Amino acid sequence: AYYNTEKDRFPNLNAAIDAWFDQMQPIASGVPMMPTYGNHEVLLEENVDDWLARFPTPTGYDDRHYYSFDIANAHFISIYAPQAINDPNALAWLEQDIIAAQAAGQKWIIPYFHVAPFADGTNHSSSQSLRNTLGPIFEQYNVPLVIASHDQAYERTWPLTDAANTAVPTTTAHRACVPETEGVTWVKVSPSGKLSNISWGFSPFGTTPAPAWTSVRHNALHHFLRLRFASDETLQVELWGVVGDGSAPTLVDTFLLADSCEDELLVNEPVQSLKLFADETASLAVDVTHSASTAVSFAVASSQPWLQPSTLLGTTGTPVSLDVDPSALAPGTYTAVVTFTPTSGTALAGRLVTTLVVRG
């Protein structure tokens, strides 16, 4: 993954790239791979031309550094952002590409690129430059979802406006469903197999509590994003977490992009992580609220025996206590999902995902 620090493993760059393709062959043989290029393909003793030669992408702009493609009613745009974008012609191409796609009737415009405009990780913090250049374009053309990477952790913003300046959430009342016209949801997905050479692990978050623009964040698993486009013109976004030991992935975060949203239960910190020795215990206090500030009763259920609620029934406004007991677990990484399901009404259930590292 990092050729400049692992050259002793390969005789040259092309051999390193070939090794990566060998690893990806089981997936790439059945699923199209449409890349976006980052700092390691450009700046750190690599050459993006060696990667371009291996991906027959559409022409786009700047010899395929930027390009776009359609899948059904979704229009994807790969943006060349290994760092700041200083080419005004590239931004003009991007704007015209969005205009043309919307004129052709494409429902979803989904840009994706490497460096993240919104990142609280200390390995690679937010790119204010990309907020300044890309934010106004996405806001002008009502782009609901933007995907980036780079910093080795997952972060999802609330829907935002004025990304270049105040980055104000338009609503914090919905997490499981986001009205697609409310603003831009910025998602940062990383890592996907390679940990950082800066922190030698996942990226530590720099701010506690999280920045005001943060809806969900997680830095204890490898991540990949899955988009499910439905015939009713909604989009389900799923963030899956992988330990890397062969165990099944966990649905860490999911949200629906739709014209309108139902009420829902919201967990104050929907994704949490902790580290314990097997002879230690801990307790988590979870606040659950209703999106319309209504008092609601709910049932509490956990997917794992090591994380158990102190009560099976709760009410919004009263914290729920969860007991963590790793005494039956071997050293390793474990994930549990706790659901908070209304006992009446139609509100969507709330979710808490907890990652536990049992120390050896």
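The values are calculated or read from the model by the stated rules, or taken from the named source; none is laboratory data. Note that the structure is a prediction, hence the values are computed from the model and not measured. Here the Cβ is made from the backbone with ideal geometry for all residues, glycine too, and neighbour counts use every protein chain on show.
So which pairs qualify, if the first residue must be in the range 295-318 and under 11 Å from V338 (Cα atoms), the second must be modelled with pLDDT of 95 or more and not in a strand (DSSP E or B), the Cβ gap must be under 6 Å, and the two must be at least 6 apart or on different chains?
Listed by first residue and then by second, the contacts come to A299/T343; V300/L312.
Go through the residues of the range 44-58 one by one and say whether even a single one is part of a loop (DSSP other than H, G, I, E, B), of a type outside the set (G, A, S), exposed (fewer than 14 other Cβ atoms within 10 Å of the Cβ) and modelled with pLDDT of 95 or more.
yes
For residues in the range 188-198 being among the small types (G, A, S) and surrounded by 15 or more Cβ atoms within 10 Å (Cβ to Cβ), which is nearest to R226 (Cα to Cα)?
Among them, the one singled out is S190.
Could you tell me which numbered condition S321 fails, if it satisfies all but one of (1) under 30 Å from E233 (Cα atoms); (2) surrounded by 13 or more Cβ atoms within 10 Å (Cβ to Cβ); (3) of a type in the set (S, T, N, Q)?
Every condition holds for S321 apart from (1).
Which is among the aliphatic types (A, V, I, L, M), farther than 25 Å from C177 by Cα and in the same structural domain as A173 (by TED's automatic domain parsing), of V324, V237, V243?
Exactly one residue qualifies, and that residue is V243.
Note down all Cβ pairs under 8 Å where the first residue falls in the range 122-136 and is assigned by TED's automatic domain parsing to the domain that holds T161, the second is of a type in the set (D, E, K, R) and surrounded by fewer than 16 Cβ atoms within 10 Å (Cβ to Cβ), and they're at least six residues apart or on different chains.
Final answer for the pair search is G135/D162.
Filter the range 255-293 for residues that are in contact (Cβ under 8 Å) with a residue 40 or more places away in the chain, more than 16 Å from V324 (Cα to Cα), hydroxyl-bearing (S, T, Y) and surrounded by fewer than 13 Cβ atoms within 10 Å (Cβ to Cβ) and give the result.
S260, the sole residue that qualifies.
Could you check how many residues of the range 72-111 are free of Cβ contacts under 8 Å to residues at least 40 places away in the same chain and either in a strand (DSSP E or B) or outside the structural domain of T133 (by TED's automatic domain parsing) (or both)?
Residues flagged as free of Cβ contacts under 8 Å to residues at least 40 places away in the same chain and either in a strand (DSSP E or B) or outside the structural domain of T133 (by TED's automatic domain parsing) (or both) within the range 72-111 amount to 4.
Between residues in the range 232-247 that are farther than 18 Å from W108 by Cβ and at pLDDT 95 or above and residues that are of a type in the set (A, V, I, L, M, F, W, C) and assigned to a strand (DSSP E or B), which pairs lie under 7 Å by C-beta distance while being six or more apart or on different chains?
Correct list of pairs: W240/F224; W240/L251; W240/V252; G241/V252.
Of all residues in the range 203-223, count the ones that are over 14 Å from the mean Cα position of the chain (by Cα) and either crowded, with 23+ Cβ neighbours inside 10 Å or of a type in the set (G, A, S) (or both).
Counting residues in the range 203-223 that are over 14 Å from the mean Cα position of the chain (by Cα) and either crowded, with 23+ Cβ neighbours inside 10 Å or of a type in the set (G, A, S) (or both) gives 3.
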